[in-house]
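Have a look at the structure below, then the notes.
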Amino acid sequence: MKKELSAIEAKFEAQKIAFGPMYFQAMVAMRDLGVLEYISSHRKGVEIASIIRDMDLSEYTITLLIESAEVLGVVEVEGTIVRISKIGFFFLKDEMTRVNTNFMNDVCYLGAKEMTESFKTEKPAGLKVLGDWPTIYQGLSKLPEPAKKSWFEFDHYYSDNAFPEALKIVFKKKHRNLYDVGGNTGKWSIACAEFDPQVHVTIHDLPVQVAVAKQNVQEKDLSDRISFREIDLLDSAQKIAPGADAIWMSQFLDCFSKEQILTILRNAHQASTADTTLYILEPFFDNQNFPAAQYSLVATSLYFTIMANGNSKMYRLNDMKELLDTAGFEVVETYPLIGDSYHTILECKIKH
Ligand SMILES: C[S@@+](CC[C@H](N)C(=O)[O-])C[C@H]1O[C@@H](n2cnc3c(N)ncnc32)[C@H](O)[C@@H]1O
C-alpha cells in the first residue's frame, strides 16, 4: 500500500507542481550554458570557485544554478565542492531525456500557458505561438526553428527505435503493396523499400508532408518503388483505395480523438479484403515496463492538447482494441514492446 504522506510532505509535493516550470527552465539554462557539462567533466567534483574562474559566467549565475540543481538532486554539494549526481548524468547524457527536454522547451513551453483554454475549446490554443494553422499537422514542415528540429527529433527518436524490429515482424509475410498511412518524412517507407526489394509502398499523408517525403524519396533514388497519395483522412469522403496487402499506421492514430480514429479505421476497413493486414504501431501508456515511459507518454498527450489538435492523446491498449473491434477489425496478433522501444504492434484482419 502507498505510504500516506504527512501534511508537510504533501505541501512540499504541491510546491514541486507550483514551481516546476521555473526549475525546468533553470536546468535547461544550466545545460545550455555548459555549466552542467563542466561539472560532469570533473568526475570527482569541482570547487565552485573554479567554475566561476574558468567559465565566462558570473558568481551570481553559477551559484544560483547550482542551488537550483541541488534542490532537484541534479548535483550534490559538499562544502565548496560540487559534483554531478546520477539524475544530473541522465539529464545531461541520456538521449531520451535530451529529446524530451528539447521538445518541451522548443515546441511546447510557450503554448502550455494555453492549457485551460485548449481544454475548454478542444482546440490547440497554444499553437499560435508557432504559426497560424488549425492543427500542427498543416504546419509541420514549416515550423520555425528550433521547434521544427525538436519536433522531428522527438517523433523520430521514438519510431526509429521501433522500426528495425517492426520490419522483421511486418515482412514475415510477403507484401507486394504496402500503404504507409501518416507516412510523414518517408522514413518507414524508405526502410521498407530497402528491406524488401519487391515491395511497393504508397505514402498517404497531408499535401505539405507528402512534398517533404517526395524529396526524401528522390534523394534515396526510390521514386519507382514509393508512390504518394495526398489525403486528408479526417474527411471521410476521401477514401483509401483498395489493393493493399498491408496498411501500416505508425504513431498515427494517437494524433486523433476516438471518434476520428473510428472514421479512419472504417476508411481502412472499406479498403480491406480478407487478404489485407492492418498493422498499428503505438506506444500504449498502460503497458510500459518503466515508470519514466508512462510519465513521458501522458505528458505527450498534453502536447496534443495544447499544440497538436486539442483532442487527441496516447491511448490504453484496450481502448485501441475496442476501437478496432467497433470498426470491424480483429486483432490476430499482439507484439508488445518490440525491440528496444515503447511500442506495441497490433496485427489486424477484418472480421468475417
Ligand atoms: C506523429 S506523425 C507519425 C509519423 C510516422 N508515421 C512515424 O511513425 O514517425 C503523424 C503523421 O500523420 C499525418 N497526419 C496528421 N493528420 C492527418 C490527416 N488528417 N490526414 C492524413 N495524414 C495526417 C501528419 O502529417 C504526420 O505526418
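The values are calculated or read from the model by the stated rules, or taken from the named source; none is laboratory data. Computed from a predicted structure; not experimentally measured. In this analysis, Cβ positions are derived from the backbone assuming ideal geometry, glycine residues included, and neighbour counts consider all displayed protein chains. What goes into the accessible areas is simple: the full protein's heavy atoms, side chains included, and nothing from ligands, DNA or RNA. Shrake-Rupley method; radii C 1.70, N 1.55, O 1.52, S 1.80 Å.
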Helix-only CD estimate at 222 nm, as mean residue ellipticity for the chain, using -39500 (n - 2.57) per DSSP H run (n ≥ 4): -14000 deg cm²/dmol
Size descriptor, Kirkwood hydrodynamic radius, that averages inverse alpha-carbon separations across region 1-40, Å: 12.2
Within the set of other residues whose C-beta is less than 13 Å from the C-beta of Val129, count the net charge using Lys and Arg as +1 and Asp and Glu as -1. -2
Would you please give the FRET efficiency between Gln218 and Ile81, computed as 1/(1 + (r/R0)^6) with r the Cβ-Cβ distance and R0 = 51 Å, to the nearest 0.05? 0.35
Full extension between Thr63 and Ala18 adds, at 0.36 nm per residue less the Cα distance, a length in nm of 14.0 nm
Region 1-142: C-alpha gyration tensor shape, a/c 1.5 cut-off, then a/b vs b/c: oblate
From the P(r) of region 269-352, can you give the percent of Cα pairs sitting at distances over 16 Å? 57
Mean Kyte-Doolittle hydropathy of 0.5 or higher plus an axial Cα length of 15 Å or more: which whole DSSP H helices in the chain meet both? 59-72, 291-303
What shape does region 75-186 have by the C-alpha gyration tensor, where a ≥ b ≥ c are the square roots of the eigenvalues, rounded means a/c under 1.5, and otherwise prolate means a/b greater than b/c and oblate the rest? oblate
Counting only protein chains, not ligands or nucleic acids, how are Met115, Met96 ordered by accessible area (probe 1.4 Å), most first? Met115, Met96
First check a/c for region 148-290, with a ≥ b ≥ c the square roots of the eigenvalues of its C-alpha gyration tensor; if it is under 1.5, answer rounded, and if not, answer prolate when a/b is larger than b/c or oblate otherwise. rounded
Is there a quick way to get the dipole size of region 7-93? I mean about its Cα centre, with the Cβ of Lys and Arg at +1 and of Asp and Glu at -1; what is the value in debye to the nearest 20? 300
Expected sort for 247-253, 298-304, 74-80, 180-186 on mean C-beta neighbours within 10 Å, highest first, is 180-186, 247-253, 298-304, 74-80
Quote the charge dipole size of the chain about the Cα centre in Debye, to the nearest 20; the model charges only the Cβ of Lys and Arg (+1) and of Asp and Glu (-1). 460
In nm, what is the difference between 0.36 nm times the number of residues separating Ala49 and Ile8 and their Cα-Cα distance? 11.3 nm
